[in-house]
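First up is the structure itself, then whatever we jot down about it.
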Amino acid sequence: MDARLIFYAFLKLLVITWSVLKAMFKGLADSLKGTVTIFYLDKNIMDRASQSSPIRDQNASPRRRNSQLTPAKPIQRHLEEPKVLRRTAQCCALNGGVFWLSILLFEYAVLPGLKYFMISAFGNSSVTGKYVWTVTKSCLTWTFGMIWVLPLFLLSKVINSLWFQDIADSAYRYSRGRPQQLSSVSKLIADSLFSILVQALFLVQSMMVNLVPYQLLGEVLFLVHMCMLYSLYAFEYKWCNMGWELHRRLTYIENNWPYFIGFGLPLAVFTAIPSSYIISGCVFSILFPLFIISGNEADPVINVCDINLKLFSPVIAISNAVFNRTIGPRVSQSHQVNRR
C-alpha cells in the first residue's frame, strides 16, 4: 500500500514537473515573438486604419461629394501614423548608437589614446608619468560620468518611458481596441506610485537574495526574481490598458509563475551579461520594446501548478507600511484588502 502511494505521488510529481516545464517553454517562445511581430505590426495597423476610414461615394452628387470632403480631420484620426517600428529604432539609436557607443569610445579610444600620448611624453618607466596618468584617468572618468553619462542616463530613462508607452498603446489598440482606465485619477496616481515603490523594493530584494552563502542558489534565486520582474515590466502596459489594478497584476504573476519565469528569461540573461550597470541598462532599453509587443500578443499559460510563488509579498508589506507613514492608510489599506 505504501509503495502504491509513493508511486502515485511520484507520478503526480512528474506530471506537475512536465506541466511547469511546458509552461516555461511556452513563455520562452512567446517572449521571442516580438522580434518577428514588430516588422509587420505597423503595416497591419495602417491596413486596419485604412479599412475603417470612411469611403467616399463616387456616385454621389457634387454637393454631397463636397460635403464628404469637408470634414478632413475625422478621417485623419483613423489613419494613425505607425509608431512601433519607428519608436523601436529610436530606442536602439539613443541607447545603442548614442549612449552605449559613447561609453565604448571613451573607454577604448579616448583613454587609450591619452595614455599612449602621456607615456610617449613622460616615458614608460617614469614614476611621474604613471602618477600623472593615474590622476588624469580618474579625473577624466569622473568628469565623463558626471557631465555625460549620468545626465544622459536619466534623460534616456524619461525618453524611453514615453517611447515604451507609445509602442504599448499602438500595439494594444491594434489587438484589443481602446485602452481602459482606472475608475478615478486619484486611484490611477496611487496605483502608479505604489507600483513604482513595489518594483524598486523588489529589485532590492532580488539583489539581497543574490548574497546568500551558496553562490549557485543565490544566482538561481536572483535569476528567478529578475525573470518575474521583467515579465511584470513587459505585461504591465497591457494589463494597465485592460484596467487591472496592481494587486491583480502581482497575483496573476505569482499564481502563474512558470510561464512568466520562462517569458522573462531571455531579457534577464541578456541584461546579466554586461558587468556594468549602465551597459546593462542600455541592453534592456534596446530589447525591451520587443518584449512589450510579445507581452501584448501573448496568451499566458495559467493554472499549471497549485504552488504560488509569493515573491512579491515581502515588498507589498513594506510598501503598505511606507504608504501608511507617508501618504496615509487609505491608499495602502485598499491594497492590503485586495491582496487577501
Report summary line: The correct count of residues that are within 11 Å of the chain's Cα centre (by Cα) and of a type in the set (Phe, Trp, Tyr) in the range 156-172 is 1
Query - Scan of the range 295-325 for residues that are in a helix (DSSP H, G or I) and basic (Lys, Arg), ordered by number - result: ARG325
Report summary line: Filtering the range 16-36 down to residues that are under 16 Å from CYS227 (Cβ atoms) and hydrophobic (A, V, I, L, M, F, W, C) yields VAL20, LEU21, ALA23, MET24, PHE25, LEU28, ALA29, LEU32
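Of everything in the range 88-106, what is in contact (Cβ under 8 Å) with a residue 24 or more places away in the chain and under 15 Å from PRO289 (Cβ atoms)? Give them in sequence order.
Start the filter on the range 88-106 by keeping residues that are in contact (Cβ under 8 Å) with a residue 24 or more places away in the chain, which leaves 88, 90-92, 94-96, 98-100, 102-103, 106.
THR88, GLN90, CYS91, CYS92, LEU94, ASN95, GLY96 - these are the residues of the range 88-106 that are in contact (Cβ under 8 Å) with a residue 24 or more places away in the chain and under 15 Å from PRO289 (Cβ atoms).
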Query - Inter-residue pairs, beta-carbon under 8 Å, first without any contact (Cβ under 8 Å) to a residue 12 or more places away in the chain and in the range 213-226, second aliphatic (A, V, I, L, M) and in a helix (DSSP H, G or I), 6+ apart - result: GLY218/VAL209
Report summary line: Of the residues in the range 225-257, those that are assigned to a helix (DSSP H, G or I) and touching a Pro at 6+ places or on another chain (Cβ under 7 Å) come to ASN241
Requested in this report: Return a yes/no flag: does the range 194-201 have any residue that is over 16 Å from the mean Cα position of the chain (by Cα) and buried (at least 22 other Cβ atoms within 10 Å of the Cβ).
Outcome: yes
Requested in this report: Considering only the range 249-299, state which residues are over 20 Å from ILE38 (Cβ atoms), surrounded by fewer than 20 Cβ atoms within 10 Å (Cβ to Cβ) and touching a Lys or Arg at 6+ places or on another chain (Cβ under 9 Å).
Outcome: THR251, GLU254, GLY281
Requested in this report: Search the range 280-297 for residues that are touching a residue at least 40 places away in the same chain (Cβ under 8 Å) and pair each with any residue that is buried (at least 21 other Cβ atoms within 10 Å of the Cβ) and of a type in the set (Lys, Arg) when their beta-carbon atoms are under 6 Å apart and the residues are at least 6 apart or on different chains.
Outcome: GLY295/LYS238; ASN296/LYS238
Report task. Could you list, in sequence order, all residues of the range 141-193 that are of a type outside the set (Val, Ile, Thr), over 26 Å from ILE293 (Cβ atoms) and touching a residue at least 60 places away in the same chain (Cβ under 8 Å)? Result -> ALA190, LEU193
Query raised in the report: Under 8 Å by Cβ, and 6 or more places apart or on different chains, what pairs join a residue from the range 15-26 that is in a helix (DSSP H, G or I) with one that is at pLDDT 90 or above and among the aromatic types (Phe, Trp, Tyr)?
Result: ALA23/TYR259; MET24/TYR259; LYS26/TYR259
Requested in this report: Please verify whether the range 119-131 includes one or more residues that are in contact with a Pro (Cβ under 8 Å, 6 or more places away or on another chain) and hydroxyl-bearing (Ser, Thr, Tyr).
Outcome: no
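The values are calculated or read from the model by the stated rules, or taken from the named source; none is laboratory data. Owing to the predicted nature of the structure, the values given are computational and were not obtained by experimental measurement. For neighbour counting, all protein chains shown are included, and Cβ atoms are generated from backbone atoms with ideal geometry for every residue, glycine included.
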